[in-house]
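Data block below; observations after.
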């Protein structure tokens, strides 16, 4: 398993685009989809492990809702961005969050000496050479009754974005390259990356004494917009857009066209 360090080259544009439409849709959809599967009733002192936590969007949402969060992030600059966001939170939320360096294959002791009610790994698998070792390691950290939330690039929808943008040559190129279980591509951060197929990820999770509880598509309707597209000025329009994205992301056959897959696994209680 490679260390996923290829993302570092895309760090600056990633952080610069946090408030723009594509990322707002992504983060909101992940949060809504995960919320359906959070442990209920919630254990006292419920815990989250967020591996590859980045700037902390999902970790902070979970901390605000009452979880104790261990966020693991390999990139020092991303940890600094996380820390800056954390300073804007209440004292109560700050007390629930711990941020440490580390990565898959080299998790800190705080992550490996216990299990967690929720384990998140969002947008990390695409920077590894294959998903198997990562999924095995993540599943091992899930407590009985707990959930695993994986977000990966959808290999079966790679040609849709250039099609929405009328880039016909890119459609042909991605169709030609989207062969085998882990097709590669260059993402919109300019970083080489890799895509996964739903069936393989589901089989890997199911092979770890867990079951796949649900899966979703992310950014079905808005993936073709420009990377610098802002959110709508009208809050009602944004709310309607997000509601539409949420619905198609859980509805066949549309969810199969999401640029990202969101898979939820659960360990039996």
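Report summary: the helix-based calculation at 222 nm, which adds -39500 (n - 2.57) for every DSSP H run with n ≥ 4 and divides by the residues of the chain, gives -10000 deg cm²/dmol.
Taking other C-beta atoms within 10 Å as the exposure proxy, 75, 233 rank 233, 75 from fewest upward.
Which of rounded, prolate, oblate describes region 1-144, given a ≥ b ≥ c as roots of the alpha-carbon gyration tensor eigenvalues and a/c under 1.5 marking rounded, otherwise prolate only if a/b is larger than b/c?
On the way: a/c = 1.41, a/b = 1.08, b/c = 1.30.
Because its axes are fairly even, with a/c under 1.5, region 1-144 counts as rounded.
Counting neighbouring beta carbons within 10 Å and listing from fewest to most, the residues 17, 103, 114 come out as 114, 17, 103. Across 87, 26, 141, mean-square fluctuation computed from a Gaussian network of the chain (C-alpha pairs under 10 Å connected) peaks at 87. Summary value for region 87-160: 34 percent relative contact order, contacts being C-alpha pairs under 8 angstrom separated by 6+ residues.
If you average the sequence gap of Cα pairs under 8 Å that are 6 or more apart and divide by the length of region 16-147, what percent do you get for the contact order?
Working: 181 pairs, mean separation 34.7, N = 132.
Relative CO of region 16-147 lands at 26 percent.
Relative contact order of the chain, taken over Cα pairs closer than 8 Å and 6 or more residues apart, is 23 percent.
Note on the chain: GNM, Cα springs under 10 Å; of 202, 143, 240, the largest mean-square fluctuation is that of 240. Comparing 220, 119, 191 in a Gaussian network model of the chain, where Cα atoms under 10 Å apart are tied by springs, the biggest mean-square fluctuation is seen for 191.
For the pair residue 239 and residue 132 in one chain, pulling the backbone fully straight at 0.36 nm per residue adds 34.9 nm over the alpha carbon distance.
Considering only the chain, what is the antiparallel percent among its DSSP beta bridges, to the nearest 5?
Working: 19 of 38 bridges.
Roughly 50 percent of the DSSP beta bridges within the chain come out antiparallel.
Shown for 179, 222: other C-beta atoms within 10 Å of each C-beta, ranked fewest to most, produce the order 179, 222.
A short reminder: the numbers here are calculations on the coordinates, not readings from a lab. In this text the structure is predicted, and so the values were computed from the model without any measurement. Positions of Cβ are generated from backbone atoms using ideal geometry, with glycine treated the same way; all protein chains shown enter the neighbour counts.
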